[in-house]
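The values are calculated or read from the model by the stated rules, or taken from the named source; none is laboratory data. This is a predicted model, so every value here is computed, not measured. When we count neighbours, we look across all protein chains shown, and the Cβ atoms used for this are built from the backbone with ideal geometry, even at glycine.
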Amino acid sequence: MLSASLFPVLIFFLASTSVGGLMLAAFYPRAAKASAYRQRFERVAGRTEIKATEMADEERRDRRRSVEKTLRDIDEQQKARARKGGKPKLDVRLRQAGLGWSTRTYWLVCAAASLATYVLIALLGLGALTTLGFAVAAGLFLPHGYVNTKRNMRLKRFTAEFPNAVDVIVRGLKAGLPMTDCLRVIAAEAQEPVKGEFLTIAQDQTLGLPVDEAVERLCDRIPLPEAKFFAIVITIQSRTGGSLSEALGNLSKVLRERKKMKAKIKAMSAEAKSSAGIIGALPFLVAGAVYMSSPDYMSLLFTTLVGKMVLVGSALWMSIGTFLMRKMINFDF
């Protein structure tokens, strides 16, 4: 038999068990129902998250397909332009050089250069045929070389200044300015030739031309990879959307890295260029020194048929060697 002292403990245990059972019977259905609600909510939320993820993936795929289509269209346009024209025409080269000449002015300059050369050579007392040959060569090549030199210098200045212009656009877009205002800022404050080119873009926009088409015309005026990259970024953003400031920021980094690469290549090829210059000038220096010390010995090269043939062969081989050295140290990227 249980002792009298254990009866209160047993009664308390039985009472607690009874109360716990009653509370479990009363509240368990509600708890189970809430748990079912929670499980159902979690399933719905999970399906919603999966659906949102699938929609985001579909949007990314659609944007990727749109970007690929835009790039194919741009590539086809560039190939069509390449098939239509090889070297730029005279008026295009004059505009790219920034000279402001017309075609008529160019031919007048050619005639003036030919006439001046004819007079100069005639004063030296050379023959009429030789004088005419020098005059024709000077009239054809001197203005052509001048225009090409001015064109190359202008394109180099554009390449050096263009990354700064792209940075101005990026900072303006991040500050909340529209694209048109950023272009006007560059057209007003940048250095030439970037200033003039962006002024033309702003004027085209004022006339109602879309931004992508106005920027695409820049590639015709400035035939550089940097301008093509800029036009491609603007065209893709206008057709597919996205963050233009981020895309142009990446473009600015690419342009600056290209600039660093050019400087590195120039530094690495400086020794080879110096060696090529010395090798190319050495025959003329030696020939001049020998002529000054022994003119009768060197005069055989100019007075005899064998000597003239030797001069022609030497000039031919020198030209081939110079061309090969130039191709070896000329890096295109």
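Within region 153-202, the residues that satisfy the criterion of being free of Cβ contacts under 8 Å to residues at least 12 places away in the same chain, over 16 Å from the mean Cα position of the chain (by Cα) and within 20 Å of Gln96 (Cα to Cα) are Met153, Lys195. Among all positions in region 98-115, there is no residue which is in contact (Cβ under 8 Å) with a residue 40 or more places away in the chain, among the aliphatic types (A, V, I, L, M), assigned to a helix (DSSP H, G or I) and within 30 Å of Lys262 (Cα to Cα).
Residues of region 268-302 that are touching a residue at least 12 places away in the same chain (Cβ under 8 Å) and part of a loop (DSSP other than H, G, I, E, B): Ser269 alone.
Within region 285-298, which residues are over 53 Å from the mean Cα position of the chain (by Cα) and loosely packed, with under 10 Cβ neighbours inside 10 Å? Scanning region 285-298 gives Ser293, Pro295, Asp296. Within region 200-214, the residues that satisfy the criterion of being under 15 Å from Ala231 (Cα atoms) and in a helix (DSSP H, G or I) are Thr200, Ile201, Ala202, Asp204, Gln205, Val211, Asp212, Glu213, Ala214. None of Val233, Val286 is farther than 30 Å from Gly321 by Cα and of a type outside the set (Asp, Glu) except Val233.
Only one entry in Leu316, Leu311, Leu301, Leu282 is surrounded by 10 or more Cβ atoms within 10 Å (Cβ to Cβ), of a type in the set (A, V, I, L, M) and touching a Gly at 6+ places or on another chain (Cβ under 6 Å), namely Leu301.
Results for (1) surrounded by fewer than 18 Cβ atoms within 10 Å (Cβ to Cβ); (2) assigned to a helix (DSSP H, G or I); (3) out of contact with any helix residue (DSSP H, G or I) (no Cβ under 6 Å at 6 or more places or on another chain), shown as yes or no for each residue.
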residue	(1), (2), (3)
Tyr146	yes, yes, yes
Arg151	no, yes, no
Arg184	no, yes, no
Leu218	no, yes, no
Ser238	yes, yes, no
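Give region 117-136 a look and list any residue that's free of Cβ contacts under 8 Å to residues at least 12 places away in the same chain and assigned to a helix (DSSP H, G or I), or say none. Across region 117-136, the qualifying residues are Val119, Leu120, Ala122, Leu123, Ala128, Leu129, Thr130, Gly133. Applying the set (1) modelled with pLDDT of 85 or more; (2) closer than 26 Å to Leu244 by Cα to Met153 leaves exactly one unmet item: (2).
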